[in-house]
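Peer 1: Quick one: this structure, given as structure tokens, is what I'll be asking you about.
The values are calculated or read from the model by the stated rules, or taken from the named source; none is laboratory data. Treat the numbers as computed from the prediction; the structure is a model and nothing was measured. Neighbour counts run over all protein chains shown; Cβ positions are idealised from the backbone, glycine included.
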């Protein structure tokens, strides 16, 4: 994984774990790789991984079983999808609409463009 210098690494790791839960590669109630394994995988200090994990625990996305490991909370996928949806609408979609209007794209033109992209799976 290539890290972005503008965002703390532990937040980028947190985001990667969240994406894995959203897309289902980390299922609810399944075990999460240990801090040691993730530190080795990402070639990072275990404390950095621990910071990401602790944020996810505080957010109610992961939970610890003493002596066993960390697991994905039941309902975590839905919770993350809801938060991601709300952030998308509030930030990205709003910017998209403002920019479209500033370029003089009508609502109908925009809907046609969106429909075309959506049908193609987002590609050109």
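Peer 1: Scanning for something at positive phi, in contact with a helix residue (DSSP H, G or I) (Cβ under 9 Å, 6 or more places away or on another chain) and without any contact (Cβ under 8 Å) to a residue 40 or more places away in the chain, does the range 52-60 turn up at least one residue?
Peer 2: yes
Peer 1: Run down 31, 52, 39 and say which single residue is in contact with a strand residue (DSSP E or B) (Cβ under 6 Å, 6 or more places away or on another chain) and either modelled with pLDDT of 95 or more or exposed (fewer than 12 other Cβ atoms within 10 Å of the Cβ) (or both).
Peer 2: Result of the check over 31, 52, 39: 31.
Listed here are the residues, each with its yes/no results for (1) surrounded by 12 or more Cβ atoms within 10 Å (Cβ to Cβ); (2) touching a strand residue (DSSP E or B) at 6+ places or on another chain (Cβ under 9 Å); (3) closer than 30 Å to residue 29 by Cβ; (4) not assigned by TED's automatic domain parsing to the domain that holds residue 25.
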position: 59; (1), (2), (3), (4): yes, no, yes, no
position: 62; (1), (2), (3), (4): yes, yes, yes, no
position: 81; (1), (2), (3), (4): yes, no, yes, yes
position: 88; (1), (2), (3), (4): yes, no, yes, yes
position: 92; (1), (2), (3), (4): no, no, no, yes
position: 98; (1), (2), (3), (4): no, no, no, yes
position: 101; (1), (2), (3), (4): yes, no, no, yes
position: 104; (1), (2), (3), (4): no, no, no, yes
position: 108; (1), (2), (3), (4): no, no, no, yes
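Peer 1: Assuming residue 69 fulfils every condition listed in (1) surrounded by 11 or more Cβ atoms within 10 Å (Cβ to Cβ); (2) modelled with pLDDT under 95; (3) more than 23 Å from residue 12 (Cβ to Cβ) apart from one, which condition is it?
Peer 2: Result: residue 69 passes all but (3).
Peer 1: Let me spell it out: the conditions are (1) within 22 Å of residue 87 (Cα to Cα); (2) more than 15 Å from the chain's Cα centre (by Cα); (3) assigned to a helix (DSSP H, G or I), and residue 52 meets all of them except one. Which number is the exception?
Peer 2: All conditions pass for residue 52, except number (2).
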